[in-house]
């Protein structure tokens, strides 16, 4: 009898844990953005200059390069190779601080509000130059079935490179990658509390059943 009670309590606890460990709403997604319109140019000139560069100009046409993530995430987001990507502005800041723009790709609208981790190294005759930065935002539009991505945080990471300039500067090439967080399984706090209460009640009942048996012995 006692064994059956313990087994029943364990079964209830396992069921509650299974119910509480539901997937969070986050759906992992990563996709790259390709500049389809040709060379990338800087507002201040053809070379990367850490002292003068405050923004960079995107190519007129951008496309999805690759998309991956949780199974089916890219398909749900409506992303495939060469899916058009539309920016609300063609000029992106390269200095830390507030900066708002949107990116529309497939079923998603990504709204960015902040520049972070901006770093610029000048191109000179003896060394190449680089630009790296992150844009931080959220998914504010999602027409995928179940709106799997809506409300997620999203990051837009950019890295640009230019070879050492000896006379005519080389082309500045940039790669852009968009990431949403990975999905995780987490127990809900209320379910954990209910599970704890259930186990405590089961333990108390078991102790009450044992007490008379101990007296008879």
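The values are calculated or read from the model by the stated rules, or taken from the named source; none is laboratory data. Predicted model, so just to flag it, every value in this text is computed and none were measured. Don't worry about glycine lacking a Cβ; one is built from the backbone with ideal geometry, like all the others, and counts go over all protein chains shown.
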(message) Can you pull out every residue in the stretch 75-99 that is within 17 Å of residue 138 (Cα to Cα) and exposed (fewer than 13 other Cβ atoms within 10 Å of the Cβ)?
(response) 86, 88, 97, 98
(request) Check the stretch 158-170 and report whether any residue there is modelled with pLDDT under 85, under 30 Å from residue 104 (Cβ atoms) and in contact with a strand residue (DSSP E or B) (Cβ under 6 Å, 6 or more places away or on another chain). (result) no
(message) Kindly evaluate residue 51 against the criterion of being surrounded by 16 or more Cβ atoms within 10 Å (Cβ to Cβ), at pLDDT below 85 and closer than 27 Å to residue 163 by Cα.
(response) no
(message) Residues to consider are 112, 149; find the one that is touching a residue at least 12 places away in the same chain (Cβ under 8 Å), assigned to a loop (DSSP other than H, G, I, E, B) and in contact with a strand residue (DSSP E or B) (Cβ under 7 Å, 6 or more places away or on another chain).
(response) 149
(message) Cβ contacts < 7 Å: first residue exposed (fewer than 13 other Cβ atoms within 10 Å of the Cβ), restricted to the stretch 158-169; second residue modelled with pLDDT under 90, any location; separation 6+ or different chain. Result?
(response) 166/125
(request) Filter the stretch 123-146 down to the residues that are surrounded by 15 or more Cβ atoms within 10 Å (Cβ to Cβ) and assigned to a loop (DSSP other than H, G, I, E, B), then identify the one that is modelled with the highest pLDDT. (result) 144
(message) Looking only at residues that are in contact (Cβ under 8 Å) with a residue 40 or more places away in the chain and outside any loop (DSSP other than H, G, I, E, B) in the stretch 94-109, which one is farthest from residue 163 (Cα to Cα)?
(response) 108
